[in-house]
């Protein structure tokens, strides 16, 4: 049995902030990272929570990431803004790009944000949710490192390449989904390996390209896209959008240049924001959002059906009062990191 | 054995055009439909070829579609153009919107096209391919009628909701994919039923929500999304983009109002065009496209791997000289339709 310790969300934030700052991460970066890690713990998304902090720090210690990089904003076109992460972490670059992206979406109806030269280690949903909270439709995608075989192939090439989408709702949090284009998260396979469990069929193939339920064999071979060739097509689209479109690396290149220090890899992120009221003739935002609710009601009429973000939002109601738990060993590690 | 007849692509176009015009479809609409049907036959996409012409005509005969509608173009925002199909067929509405969409993409970097109030019966790939041929990145999606169960649910709600994507390539046709968010096309299940074959597991559930390999039971029950809840999330996103975002119907409403005349249902289509050169600081389009080719080369290095559009483009090399074949019965039907 893993010994757990309980923390308030404020304690989560403080623990993350202190560990990062004690290891040379600038206040702006440390705050942006602590915010995203705290949001993950608040929503019970453990795989993007405090568990990630040691990785961030390893990538600073190895010299790979510039821990005090100042992201640079540049307008590339009336509806396209670029943020050059300057070899720093992505959360601050994304934060810096959010207001110009939203402003352009309101002005032009649709706009895009290209984040380049940044290290990604967080979930995508906080970024699109932030756009949804501003009344905008949000889309984001990012490539990672080579883990997933292309359609018909058997060797790793694409990243697990997640995409996220947000739709704004009146008087409640946006509808959001955030999903990898691989059949499973890489971390899920690692957890099966650690616990000595077989993985489900369809998650991976071994180094010879044969289907396997052995997690170690799948990690040494390749992950499979979700839904066969259709998921592979989405992974390919994301390689192009977060890579060639914005002048950043593909997953296979991120893998080649990564120092394997246990931290995030470098790459690009592509986001789109749309002002829904600019996409209908009437401009009646209230009626438009009410109309979308008729679809959500139809979904929820079905026994067992649910909206994509419901589990996260349920956790969000609990954790501000109940707090969250992490393994005592992780707490001790983060506490020690906070002492430099 | 089905008796086949061979036609040149010119004959395909003429046969379609004549049948449509003899049944009251205006020259502009008939030409746009004949072009898209001929492109499908040329690329060996039979399910969107001449086979569709009787359906177009049925929907005119029933009085559902306005066969001489004049689509109306309107700028909703600097980067958003709307085409109101005026209760007519989609191919002409899309054609009318293409130039303003491309112009806006070049001006603003990214732009969107909302096609509303139109009847969709064609594949999406010709539209995004046309953008790719203009050097733009293209995305399109459309909702259909209620066939697919939502995540966790067992009753039809979403359409088969395809999405298509195009990436421009120098000196060759764009990379394109076009895929339903259902595990299979509805037509595939119908073909299995006709031929007395079981369908693969994962395509559908029966009216009680149980997995089935009986095509008739799946048609009476619900289709499943590709890749489980992740495909369902994509189907949901498409309902929102091609529905509430642009003020058009959801699939469940299209089903409620459709006259079941065997023709297309009404709905919206959402497209995005991006000028890739406006998304990089250098603006060096040539280097950008060359860079994307390094990814395509990596894919093709793997035995068995292929690019999404390869099969269609291979057919396209053959059919201008070899022609195409259709069942003699379909030829006779179209020929008779052409005589009014």
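Tabulated data for the structure shown
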{"read-out": "Index of the failed condition, residue A:301 passing every other in (1) at pLDDT 95 or above; (2) in contact with a helix residue (DSSP H, G or I) (Cβ under 6 Å, 6 or more places away or on another chain)", "value": "(2)"}
{"read-out": "Selection count where residues are over 27 Å from the mean Cα position of the chain (by Cα), in a helix (DSSP H, G or I) and surrounded by 15 or more Cβ atoms within 10 Å (Cβ to Cβ), scope the stretch A:278-293", "value": "5"}
{"read-out": "Failed criterion for residue B:128 (all others in (1) closer than 30 Å to residue A:305 by Cα; (2) crowded, with 24+ Cβ neighbours inside 10 Å; (3) out of contact with any helix residue (DSSP H, G or I) (no Cβ under 7 Å at 6 or more places or on another chain) hold)", "value": "(1)"}
{"read-out": "Only one of B:283, B:323 that is at positive phi and out of contact with any strand residue (DSSP E or B) (no Cβ under 8 Å at 6 or more places or on another chain)", "value": "B:283"}
{"read-out": "Residue B:176 vs. criteria in contact (Cβ under 8 Å) with a residue 12 or more places away in the chain, in a helix (DSSP H, G or I) and within 18 Å of residue B:308 (Cα to Cα)", "value": "no"}
{"read-out": "Some residue of the stretch A:107-115 being surrounded by fewer than 21 Cβ atoms within 10 Å (Cβ to Cβ) and assigned by TED's automatic domain parsing to the domain that holds residue A:247", "value": "yes"}
{"read-out": "Filter result (within 13 Å of chain A (Cβ to nearest Cβ) and surrounded by 24 or more Cβ atoms within 10 Å (Cβ to Cβ)) within the stretch B:83-97", "value": "B:83"}
{"read-out": "2 or more residues free of Cβ contacts under 8 Å to residues at least 60 places away in the same chain, in contact with a helix residue (DSSP H, G or I) (Cβ under 9 Å, 6 or more places away or on another chain) and surrounded by 18 or more Cβ atoms within 10 Å (Cβ to Cβ): qualifying helices (runs of 4 or more DSSP H) within the stretch B:5-79", "value": "B:9-21, B:27-42"}
{"read-out": "Long-range neighbours under 6 Å by Cβ, at least six apart or interchain, first residue more than 17 Å from residue B:124 (Cα to Cα) within the stretch B:80-92, second at pLDDT below 95", "value": "none"}
{"read-out": "Residue in the stretch A:207-214 that is without any contact (Cβ under 8 Å) to a residue 60 or more places away in the chain, under 25 Å from residue B:177 (Cα atoms) and touching a strand residue (DSSP E or B) at 6+ places or on another chain (Cβ under 6 Å) present", "value": "no"}
{"read-out": "From the options A:203, A:167, residue that is outside the structural domain of residue A:121 (by TED's automatic domain parsing), at pLDDT 95 or above and surrounded by 16 or more Cβ atoms within 10 Å (Cβ to Cβ)", "value": "A:203"}
{"read-out": "Selected residue (criterion: farthest from residue B:35 (Cα to Cα)) from residues of the stretch B:114-147 that are away from chain A (no Cβ under 14 Å) and in a strand (DSSP E or B)", "value": "B:142"}
{"read-out": "Identity of the residue in the stretch A:80-96, closer than 22 Å to residue A:160 by Cα and in a helix (DSSP H, G or I), that ends up farthest from the chain's Cα centre (by Cα)", "value": "A:93"}
{"read-out": "Counted residues, the stretch A:294-314 - those being in contact (Cβ under 8 Å) with a residue 40 or more places away in the chain, surrounded by 15 or more Cβ atoms within 10 Å (Cβ to Cβ) and either within 7 Å of chain B (Cβ to nearest Cβ) or assigned to a helix (DSSP H, G or I) (or both)", "value": "4"}
{"read-out": "Some residue of the stretch A:218-230 being crowded, with 20+ Cβ neighbours inside 10 Å, in contact with a helix residue (DSSP H, G or I) (Cβ under 7 Å, 6 or more places away or on another chain), more than 10 Å from chain B (Cβ to nearest Cβ) and within 24 Å of residue B:175 (Cα to Cα)", "value": "yes"}
{"read-out": "The lone exception for residue B:152 - which of (1) out of contact with any strand residue (DSSP E or B) (no Cβ under 8 Å at 6 or more places or on another chain); (2) closer than 30 Å to residue B:82 by Cα; (3) not in a helix (DSSP H, G or I) it fails", "value": "(2)"}
{"read-out": "Residue within the stretch B:58-65 that is closer than 30 Å to residue B:280 by Cβ, modelled with pLDDT of 95 or more and either touching a strand residue (DSSP E or B) at 6+ places or on another chain (Cβ under 6 Å) or more than 12 Å from chain A (Cβ to nearest Cβ) (or both) present", "value": "no"}
{"read-out": "Residue selected from the stretch A:244-277 under the condition at the interface with chain B (Cβ under 7 Å from one of its Cβ atoms) and assigned to a loop (DSSP other than H, G, I, E, B), by the criterion surrounded by the fewest Cβ atoms within 10 Å (Cβ to Cβ)", "value": "A:247"}
{"read-out": "Neighbours by Cβ (under 9 Å, 6+ apart or cross-chain): first from the stretch A:315-330, within 15 Å of residue A:1 (Cβ to Cβ); second exposed (fewer than 12 other Cβ atoms within 10 Å of the Cβ)", "value": "A:325/A:6; A:326/A:6; A:327/A:2; A:327/A:3; A:328/A:2; A:328/A:3; A:329/A:2; A:329/A:3"}
{"read-out": "Exclusive hit being without any contact (Cβ under 8 Å) to a residue 24 or more places away in the chain, within 22 Å of residue A:112 (Cβ to Cβ) and not in a strand (DSSP E or B), set B:105, B:198, B:99", "value": "B:99"}
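The values are calculated or read from the model by the stated rules, or taken from the named source; none is laboratory data. Remember, predicted model here, so these are calculated numbers, not experimental data. Cβ sites come from the backbone with ideal geometry, for glycine too, and all protein chains shown count toward neighbours.
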